[in-house]
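Some notes on the structure that comes next.
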Amino acid sequence: MKSRYLLTNTLVALLSLSIGAASAASPSPAKSEHDKGVELAAKKSYDEAVTHFTKAIEADAKDPAPHLERAVSYMHLKEFRKAIDDCKAVLANDKAHKAEQREAFMIAAGAANQLGEWAESADFATKAIAVAPGALPYADRAMANKNQGKLAEALQDIDQAIKLNGKRGGFYQLRAAIYEQMAKSDRAKSRELAKK
């Protein structure tokens, strides 16, 4: 009798452990939706990915990951304002880690560049650089400064981007465009001075 009691208790304990392990192993609804979104984004099904990232956010609004993933999907869909809004949600989230903050600043800088909002882009890029310097935020800020006519600052930023990662052809194209804009400005100044 005593052995049956011990056997029953042991089986109950094992059963509860296996149920606990099974529930721990099965992902939460938020994680499940997030994973579906990542899978769809990898297949370039960005509209569907956004739907799943949105469901993940609704299930766990404090997780910054689905906001970042949805922001990237919005970038692919050319919905730049929505991408910025998701990045701002990450930046307002006290659970966001430094790497997530930097990524949010970088995505937002790129989105603002696409919208032609140069001052906002430069601000986001400056904040990304403050969190963790890297070639891409310097390039984003160079683009924003170039388009605001701040050519010396743009040149400084693109030189820094190239110093950090000299293997991106786009960086050299941007530097060439800055030099061309500087040359055009210098020619205009030369003509203006020649008239005096």
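The values are calculated or read from the model by the stated rules, or taken from the named source; none is laboratory data. If you're wondering where the values come from, they're calculated on a predicted model, not measured in any experiment. When we count neighbours, we look across all protein chains shown, and the Cβ atoms used for this are built from the backbone with ideal geometry, even at glycine.
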Listed residues D86, D94, D47, D60; which is surrounded by fewer than 21 Cβ atoms within 10 Å (Cβ to Cβ), over 26 Å from Q156 (Cβ atoms), in contact with a His (Cβ under 9 Å, 6 or more places away or on another chain) and of a type outside the set (S, T, N, Q)? D60
Filtered residue count, the range 58-76, keeping only those that are among the basic types (K, R) and in a loop (DSSP other than H, G, I, E, B): 1
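What about D86, is it closer than 27 Å to T54 by Cα, assigned to a loop (DSSP other than H, G, I, E, B) and either at pLDDT below 95 or of a type in the set (D, E) (or both)? Let's see the steps before the verdict.
Working: closer than 27 Å to T54 by Cα: yes; assigned to a loop (DSSP other than H, G, I, E, B): no; either at pLDDT below 95 or of a type in the set (D, E) (or both): yes.
No.
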All conditions in (1) under 13 Å from H67 (Cα atoms); (2) crowded, with 18+ Cβ neighbours inside 10 Å; (3) among the polar types (S, T, N, Q) are true of N113 except (1)
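Here is a yes/no grid of residues against (1) within 17 Å of A108 (Cβ to Cβ); (2) in contact (Cβ under 8 Å) with a residue 12 or more places away in the chain:
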residue	(1), (2)
V131	yes, yes
R141	yes, yes
Q160	no, yes
G170	no, yes
Q173	no, no
A176	no, no
E180	no, no
Inspect all residues belonging to the range 177-188 and state whether any of them is surrounded by fewer than 22 Cβ atoms within 10 Å (Cβ to Cβ) and within 19 Å of the chain's Cα centre (by Cα). no
Within the range 33-74, can you find the residues that are small (G, A, S) and free of Cβ contacts under 8 Å to residues at least 40 places away in the same chain? G37, A41, A42, S45, A49, A56, A59, A61, A65, S73
Give me a count of the residues in the range 141-196 that are in a helix (DSSP H, G or I), over 25 Å from E117 (Cβ atoms) and charged (D, E, K, R). 6
